[in-house]
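Let me begin by presenting the structure, written as structure tokens, before commenting on it.
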2 protein chains.
Amino acid sequence: MNTLSTDLRAIKTRAAIQSHFIDLLLEKNFNEITVKDIARAANIGRGTFYLHYTDKFDLLGKLMDEGLKSATDNFQPKAYFKEGKVLPERLVGYALKMFDHFQEHERFYRAMLFNEGISSFRYRMQQSYLKKFRHEIQELSQANRMSDPITMEILPIFISSGMIGLVGWWFKNNMRISKEYMARKVFQVMTKGPLQVLGFAIDEEGEDELRKK
Amino acid sequence: MNTLSTDLRAIKTRAAIQSHFIDLLLEKNFNEITVKDIARAANIGRGTFYLHYTDKFDLLGKLMDEGLKSATDNFQPKAYFKEGKVLPERLVGYALKMFDHFQEHERFYRAMLFNEGISSFRYRMQQSYLKKFRHEIQELSQANRMSDPITMEILPIFISSGMIGLVGWWFKNNMRISKEYMARKVFQVMTKGPLQVLGFAIDEEGEDELRKK
DNA sequence: AAAATTGATGAACACTGTGTTCATTAGTTA
DNA sequence: TAACTAATGAACACAGTGTTCATCAATTTT
């Protein structure tokens, strides 16, 4: 396993390995994929694989890292708030950009999100987004009256987890729903909460009683 | 692999395998756990393992199924709404019951949620909760004016994903936050949305403009 | 363009874990 | 007590792993 060789041959080999590995992930369980399979698919000798990666877990891990890095780099935090107020159009635009990204890297996300044998991608993806959102929210709320620290911890978790669930569903439905619709729903959930979006009203008396405790 | 033998010896063996397997999961990566390891930990012969499970994936899968079934069976849908209105105290109670369950089965959830090598537990857990929530919400909204079908699909996804993210965080923090606090936050997010809970206001002009499009 | 460097090849190797078989032992049920 | 059946442990063939090495071939460098 070499440390990033820039030799043309090495670059081509790594590209072939990665691309065919994703193909394999799309068609069968990661557990059932052998280094032999990968080498055969990429048209290289099995030994050559070990010149670049220590094992298939190493390959998978590096793919994940690259993919997640490219994702978070891509979403530059536009100012979607102003004087403590969320700007709906900006927030929708931000969500839209995320869906653009997912669509562009469809093969990667399908492989990573749906392969039965893949460990921890959803978790790593969530951690990656969580970090991003937490950072943004902290910056945004600096100028304003803030919520308690635990709330500041918890809410970004809800947002990042929810987004990943949503994207998974969107792919499962072959992206039939427009990105615009999805982005707008994300906005609604963020600002009103799932139950109100679903059309439920909240009993005010009950809420008052809760507050007393 | 037998079909549920009720022989005392068989029951004891299965219990030993399952319990020690969870121990192993708590201390090392699933990928690195061999059948030999499991057999040694459970004090049985390696061949005996194969009398009960076809391989370690089979064991893992069965553990997951049992655990997830016991979870959803546990949350009996109390009527946390009335005439289209959500009853806060009831909803908080429902969330509280979920946290009770997670605490009770801490070892199981820690093993399943945090083992690096475990594939798809989070996904299966989400699917399991999704099914449950979708069903409940559909029943609840039968009598009332409903949202469009896509919204009915999407929102439960947000809820189930968010809950799982939250529980993971709660465990990571060694359950330092009280279940009561967690349940109340869940209620707030459900009814107000993450951004309002965080203290952000929504710009109304921008919202109006969005609606026009 | 020639020389030096480095990647790729394929065969060979020891090793680890897998899943199965089978005769024997020992615990459980009727 | 007798009949049953789970557990044992050793043996087996097999598949995949990760490494080595001499040789060939592509690429940089001079």
Put a label point 7 Å from Cα along the Cβ direction on residue A:29, then list its distances to the equivalent points in the other copies in nm, shortest first.
-> 1.9
Enumerate the amide H contacts of residue B:86 below 5 Å, restricted to partners 5 or more residues apart or on another chain; note that Pro and chain-start residues carry no placed amide H.
-> A:201, A:202, A:203
Note down the magnitude of the dipole of region B:1-153 about its Cα centre, charges +1 on Lys and Arg C-beta and -1 on Asp and Glu C-beta and zero elsewhere, to the nearest 20 debye.
-> 160
With the contact rule set at Cα under 8 Å and sequence spacing of 6 or more, what percent relative contact order holds for region B:61-212?
-> 27
Average beta carbon contacts from partner chains per residue of B:83-93, 10 Å cutoff | 5
Which aspartates and glutamates have a Cα lying under 13 Å from the Cα of residue B:36, excluding residues fewer than 8 positions away in the same chain?
-> B:55
Which of A:181, A:53 comes first, and how do the rest follow, when ranked by fewest Cβ neighbours within 10 Å?
-> A:181, A:53
Prolate/oblate/rounded label for the protein assembly as shown (Cα gyration tensor, a/c 1.5) = oblate
Rounded, prolate or oblate: which fits region A:1-75 when a ≥ b ≥ c are the square roots of the eigenvalues of the alpha-carbon gyration tensor, with rounded for a/c under 1.5 and prolate only if a/b beats b/c?
-> oblate
For residue A:213, which lysines qualify as cross-link partners when the Cα separation must be under 17 Å and same-chain residues fewer than eight apart are set aside?
-> B:179, B:185
Treating only Lys and Arg (+1) and Asp and Glu (-1) as charged, each at its beta carbon, one finds that region A:8-54 has a dipole about its Cα centre, in Debye to the nearest 20, of 260
Pairwise centroid distance, computed over Cα atoms, of region A:110-186 with region B:62-92, Å = 24
Run through the DSSP bridge list for the protein assembly as shown and note the antiparallel percent, rounded to the nearest 5.
-> 55
Global form of region B:141-208, assessed from the alpha-carbon gyration tensor, a/c cut-off 1.5 = oblate
Mind checking A:110-117 for the average number of partner chain beta-carbons within 10 Å of each residue's beta-carbon?
-> 2
Average beta carbon contacts from partner chains per residue of A:173-186, 10 Å cutoff | 2
Label point 7 Å beyond Cα along the C-beta direction, distances from residue A:15 to other copies (nm, shortest first) = 6.0
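Any read-out appearing in this document is the output of simple, stated calculations on the displayed coordinates, not a laboratory observation. As the structure is a prediction and not an experimental result, all values here were calculated from the model. Don't worry about glycine lacking a Cβ; one is built from the backbone with ideal geometry, like all the others, and counts go over all protein chains shown.
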